[in-house]
Amino acid sequence: MSATAPVAPARPADHPLLHRADVLTMALGAALLSCTSIFVVLAQVAPGVSAFYRMMFGGTALFGWVALSGRWQAIRSRDVALALLPAIGLAADLILWHRSILWVGPGVATLLTNFQVFLLAVVGVLAYRERLAPAFWPGMALALAGLWLLVGAHWSLVDAQHRLGVWFGLASCLAYTVYLLSFRRALAGHTALPPAQFLGLMSLLCAGVLALWCLADGEAMALTTVRGWLSLLALGLLGQVVAWLLIGRAMPRLPASLVGLLLLLQPALAFVVDVLLFGRPTSVTDWCGLVLALAGILLGALRRRRPLPPPVSG
């Protein structure tokens with residue numbers, strides 16, 4: 001998934017060592033996020049099933065962490081209503097993204113989902129009357145050029161399933177944008193729950209939506225192998241909880257430009273591990289495409305005037 005997390009206005013670190021620790025914490029969180037798509041492949045279950053267990057394990061762990069930390073608040077019906085739309089948006093995103101992972105590989109699928117930064121920019125212009133940063137259009141051009149080198153240049157050589165996986169990866173951007181915007185709105189003064197507790201509530205609601213999807217789609221939800229259990233536990237606990245607790249802690253202390261650069265470790269590392277672990281055939285053209293796409297996404301994510309409310313993600 002794309003790299004976004006609970007944030008507050010950035011403030012400079014009080015000491016160089018603190019700044020360095022925050023950078024390392026942020027980088028570790030992004031590195032853990034890059035592993036989520038890999039766990040989806042290793043689990044060897046249907047896309048909806050891996051998404052369900054990620055949300056169930058992650059949501060349960062988040063609830064436990066909030067309760068143990070003494071910050072638990074009573075959940076009202078209003079909180080559940082606010083969490084429903086982002087739960088549906090994230091469920092759609094995970095179904096599309098996990099299927100894309102299985103069909104085009106973790107690296108490209110994760111990169112495709114990160115194109116949501118451009119959709120958020122469009123929403124900012126249309127709904128919030130923002131002005132695009134000067135680097136936005138060059139960033140989009142670079143990202144599209146990189147995408148063409150990665151998938152477009154070989155379009156006629158891949159099968160129909162691979163092509164559909166690319167479209168699913170791009171479609172996940174739309175669902176993820178719905179999730180981000182609705183989650184932001186809920187946290188912008190509409191719920192009294194701590195962010196981690198609200199994220200846990202949304203995660204469990206999302207798990208419920210995904211369970212309904214799996215039943216309707218005929219996906220077997222039972223985990224029958226140790227590998228499946230371990231992979232999905234790691235997906236839920238590391239990707240849904242630990243990674244975002246690390247990122248949420250470090251992000252407010254770092255400049256926005258550095259945050260954007262560090263979060264690009266997620267798709268970059270996912271691509272590298274896809275090559276090293278799963279033997280993805282990769283040419284010089286592919287590496288050039290990856291660099292161009294990442295550079296374009298970074299430019300597209302640069303802070304704009306009157307920025308959108310801070311994002312929160314699992």
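No value in this document is a laboratory result; all are computed from the given coordinates. This structure is a prediction, so every number in the text was calculated from the model and none was measured. A quick note on method: Cβ atoms are made from the backbone with ideal geometry, for glycine too, and the neighbour counts reach across all protein chains shown.
Which order do peptides 54-63, 21-30, 134-143 fall in by mean Cβ count within 10 Å, highest first?
Answer by packing, highest mean first, reads 54-63, 21-30, 134-143.
What number, rounded to the nearest 500 deg cm²/dmol, is the helix-based mean residue ellipticity at 222 nm of the chain, given -39500 (n - 2.57) per DSSP H run of at least four residues and division by all its residues?
-23000 deg cm²/dmol
Treat every Asp and Glu Cβ in the chain as -1 and every Lys and Arg Cβ as +1, leave all other atoms uncharged, and give the resulting dipole magnitude about the Cα centre to the nearest 20 debye.
Numbers: 20 positive and 10 negative charges, 191 e Å.
So the magnitude is around 920 debye.
Given a Förster distance of 25 angstrom, what is the FRET efficiency for Val158 paired with Leu277, based on the Cβ-Cβ distance and rounded to 0.05?
0.75
Which shape class, rounded, prolate or oblate, goes with the chain when its Cα gyration tensor gives a ≥ b ≥ c as root eigenvalues, a/c under 1.5 marks rounded, and past that a/b bigger than b/c marks prolate?
On the way: a/c = 1.44, a/b = 1.07, b/c = 1.35.
It is rounded, given that a/c, with a ≥ b ≥ c, falls under 1.5.
Only helices at least 20 Å long along their own axis, judged from Cα atoms, and with Kyte-Doolittle mean hydropathy of -0.5 or greater: name those in the chain from DSSP H.
What comes out of the filter, once short or polar helices are dropped, is 16-34, 47-68, 77-104, 160-187, 195-217, 284-300.
Applying a 10 Å radius around every beta-carbon, put 153-165, 208-220, 264-276 in order of their mean neighbour count, most first.
Top of the packing list down: 264-276, 208-220, 153-165.
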